[in-house]
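Note sheet for the following structure.
The values are calculated or read from the model by the stated rules, or taken from the named source; none is laboratory data. What you see is a predicted model, and the numbers here were worked out from it, not measured in a lab. Backbone-built Cβ (ideal geometry, glycine too); neighbour counts: all protein chains shown.
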Amino acid sequence: MQIIAQTDHHVAAIERLLDLTFGPDRHEKTVYRLREGIAPVPPLSFVIENGSGLAATLRFWPVMLPDGRVALLLGPIAVRPDLAGKGYGRALMRHGIEAARAQGWPAILLVGDEPYYGRLGFTRAAAARLELPGPVDAARFLALELVPGALDGVAGTVGRVEGAAVLQAGG
């Protein structure tokens, strides 16, 4: 399994995989409002290819914390259904988390199941004082501090990053 950087060549295949995995109504979710019209962080967009094409994808998007710092929103992460349960998702997540940590990002947010993402360090407690600008099951809004204490005292609504693309940690 080799994780490589996403290129423009992968974009159409990623969109097909996301539609297959999450359905065409995925664009109606709150997290898509935060991503809309904003590019994913280029050095944090990864894929796994195998002999039959795209096997898995992971992207990170910049979001604005209530204190004005830029953090990351993980997702979507998707694995081709015939490869589910073979470790592709965990490998991508570990790779992405370590890349984000190495780049100095303060924290990663996501909407997902704590029993799964908790194995990688994400907790509801870390995101307990944060909220998203739209309907989300609060129990599924999780965070991982990449810098210890990065979310201490941070409370309020996570927002969109407007303007130029964010290419480095913290904006």
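So which of Asp67, Asp152 ends up being surrounded by 13 or more Cβ atoms within 10 Å (Cβ to Cβ), among the charged types (D, E, K, R), at pLDDT 95 or above and not in a helix (DSSP H, G or I)?
Asp67
Of the conditions (1) charged (D, E, K, R); (2) more than 15 Å from the chain's Cα centre (by Cα); (3) closer than 24 Å to Leu109 by Cβ, Asp8 clears all except one; give me its number.
Looking at each condition in turn, Asp8 falls short on (3).
Run Trp61 past the list (1) assigned to a loop (DSSP other than H, G, I, E, B); (2) touching a residue at least 24 places away in the same chain (Cβ under 8 Å) and report the number of the one that doesn't hold.
Condition not satisfied by Trp61: (1).
Yes/no matrix, rows are residues, columns are (1) in a loop (DSSP other than H, G, I, E, B); (2) not charged (D, E, K, R):
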{"site": "Met1", "(1), (2)": "yes, yes"}
{"site": "His9", "(1), (2)": "no, yes"}
{"site": "Glu15", "(1), (2)": "no, no"}
{"site": "Leu20", "(1), (2)": "no, yes"}
{"site": "Asp25", "(1), (2)": "no, no"}
{"site": "Arg33", "(1), (2)": "no, no"}
{"site": "Ile38", "(1), (2)": "yes, yes"}
{"site": "Val47", "(1), (2)": "no, yes"}
{"site": "Ala55", "(1), (2)": "no, yes"}
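Taking segment 70-104 as the search range and keeping residues that are hydrophobic (A, V, I, L, M, F, W, C) and surrounded by fewer than 16 Cβ atoms within 10 Å (Cβ to Cβ), which one is nearest to Val161 (Cα to Cα)?
Ala102
Starting from segment 84-100, take each residue that is within 16 Å of Leu54 (Cα to Cα) and free of Cβ contacts under 8 Å to residues at least 40 places away in the same chain and list its partners that are surrounded by 22 or more Cβ atoms within 10 Å (Cβ to Cβ) and among the acidic types (Asp, Glu), counting only C-beta distances under 7 angstrom and pairs at least six apart or across chains.
Listed by first residue and then by second, the contacts come to nothing, as the list is empty.
If you check Gly75 against the conditions, is it part of a helix (DSSP H, G or I), in contact (Cβ under 8 Å) with a residue 24 or more places away in the chain and among the small types (Gly, Ala, Ser)?
no
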